[in-house]
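J.: This is the structure I want to talk about, given as structure tokens.
The values are calculated or read from the model by the stated rules, or taken from the named source; none is laboratory data. From a predicted model like this one, the values you see are computed outputs, not experimental measurements. Note that each Cβ is placed from the backbone with ideal geometry, even for glycine, and that neighbours are counted across all protein chains shown. When the accessible area is computed, the model is the full protein with side chains, heavy atoms only, and any ligands, DNA or RNA have been set aside. Shrake-Rupley method; radii C 1.70, N 1.55, O 1.52, S 1.80 Å.
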Amino acid sequence: MEEKQLRRRYRFYGRVQGVGFRYVTQMAASGAGATGWVRNEYDGSVTMEIQGTEAVIDRVVQTLENARYIRIYGKECQAIALVPNERGFRVRY
């Protein structure tokens, strides 16, 4: 039985820019088989849209929370619609 695919939009706050956040996110998501994107925001936060199973998404977020230089002091999360036929995980500029 195939696990249900989910898509979530996260907004991360804290020391999340200038510390390799987008690189770590891309590597973790790609390695886990997730799709989506990550980008810096003008207010110093980072937005991520990620699609995969709940276990895959949780693993990527856990990797970010345990990363060496990243310090997440707050995050928002909302479920959003799946993006059909999306391929890969990328950094948006």
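J.: Given the -39500 (n - 2.57) contribution per DSSP H run of 4+ residues, what per-residue ellipticity at 222 nm results for the chain, rounded to the nearest 500 deg cm²/dmol?
T.: -8500 deg cm²/dmol
J.: Leaving ligands, DNA and RNA out of it, report the carbon-plus-sulfur percent of the accessible area of the chain at a 1.4 Å probe.
T.: Its accessible area is 48 percent carbon and sulfur atoms.
J.: Under a point spin-label approximation (7 Å from Cα along Cα-to-Cβ), what is the GLU3-GLU41 distance to one decimal in nm?
T.: 2.7
J.: Round to the nearest 10 and report in Å² the accessible area of MET27, as given by a 1.4 Å probe over the protein chains' heavy atoms.
T.: The value for MET27 is about 100 Å².
J.: Please compute the length gained on full extension between ARG15 and TYR73, using 0.36 nm multiplied by the number of residues separating them and subtracting their Cα-Cα distance.
T.: 20.1 nm
J.: Let me ask something additional. In debye to the nearest 20, how big a dipole does region 52-93 give about its Cα centre with +1 on each Lys and Arg Cβ and -1 on each Asp and Glu Cβ?
T.: 260
J.: Would you mind calculating the gained length between ASP58 and TYR23 on full extension (0.36 nm times residue separation, minus the Cα-Cα distance), in nm to one decimal?
T.: Roughly 10.9 nm would be gained on extension.
J.: Another one. Per residue, how much accessible area does the chain show when a 1.4 Å probe rolls over the protein heavy atoms, in square angstrom?
T.: 63
J.: So how strong a dipole does region 19-93 carry about its Cα centre when Lys and Arg Cβ are +1 and Asp and Glu Cβ are -1, to the nearest 20 debye?
T.: Using only the charged Cβ atoms, the result is roughly 300 debye.
J.: While we're on this one: From Cα pairs below 8 angstrom and at least 6 apart in sequence, can you work out the relative contact order of the chain, rounded to a whole percent?
T.: Relative contact order for the chain comes out at 46 percent.
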